[in-house]
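Worksheet: one structure, shown below.
Read the figures in this text as sums done on the coordinates, not as results from a lab. Not measured: the values here are computed from a predicted model. Here the Cβ positions follow ideal geometry from the backbone for every residue, glycine too, while neighbour counts run over all protein chains shown.
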Amino acid sequence: MQADEEILKAFTACGLTQELPTCIFDQMGRYLCLLYKTSDISENSVGELRWVLFAQKGKEGQQLPPTRGTLVPHTLRAYYMALLWKLSKAPCPKIPSPTDYCWETVEGQFKPDFCVNAPAPEALLELRKCNCKTGCKRQSCGCNKNQLVCTDLCGCGEICENIILDKPVEIDETE
């Protein structure tokens, strides 16, 4: 795989200053696209590439590149580590706080902040589908496991027991 000069410059710039250059996020996104693209895909943004791989190629989960919301904190944490390595050569270096680079303090320990926003709109996250063959009563049913009822998108069909039966509409006849 060939990375162009701009991507290589972005990698080289990691850790040179405490302030992260904004171009690094764009170049890391472009690099990620190079890693996941195939010859018939021309998208150059992470969001567009994720959509094409999902919608046209049927990829899901770990087969998709990270979202922009996970790429940003990962890039910040990697930048921080490069900064520490480059500062390690200096006598008495001024080390910035990890919390400025997508680390958070939980119970006195640093934990990585993995995502700065939701991976998808809330309405989309609630859309699930299963292909159960056993009636959707067990935790192996993805819908049941996530405490959701099966929908028309599911492949379980007539055998499904994870549904809400429609209540008959009550009509007020006093009017």
Take the chain, connect every pair of alpha-carbon atoms lying under 10 Å apart with a spring to form a Gaussian network, then pick out the residue of GLU161, GLU60, GLU43 with the largest mean-square fluctuation. GLU161
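Rounded to the nearest 0.05, what FRET efficiency is calculated for ASP4 and ASN131 with R0 set to 45 Å and r the Cβ-Cβ distance?
So the FRET efficiency works out to roughly 0.60.
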Which label marks the calculated value of P(r) over Cα pairs in 10 Å bins from 0, in percent, given the options [x] 10, 37, 41, 12, 0; [y] 8, 24, 24, 20, 13, 7, 3, 1, 0; [z] 9, 36, 33, 18, 4, 0? [y]
Taking Rh as the Kirkwood radius, which is the inverse of the mean 1/r over Cα pairs, what is the Rg/Rh value for segment 1-81? 1.00
Anything over 21 Å Cα to Cα? Flag those among LYS57/LYS129; LYS59/LYS129; LYS37/LYS111; LYS111/LYS145, in the order listed. LYS37/LYS111; LYS111/LYS145
Once amide H atoms are built 1.01 Å from N in the peptide plane, which residues 5 or more positions from VAL116, or in another chain, come under 5 Å H to H? THR70
Subtracting the Cα-Cα distance from 0.36 nm times the residue separation, let me have the gained length for ALA82 to ALA13 in nm, one decimal. 23.9 nm
Treating only the Cβ atoms of Lys and Arg (+1) and Asp and Glu (-1) as charged, compute the dipole magnitude of the chain about its Cα centre; round to the nearest 20 debye. 1220
Could you point to the residue in CYS150, GLN139, PRO98 farthest towards the positive end of the chain's charge dipole, with +1 and -1 charges on the Cβ of Lys/Arg and Asp/Glu respectively? PRO98
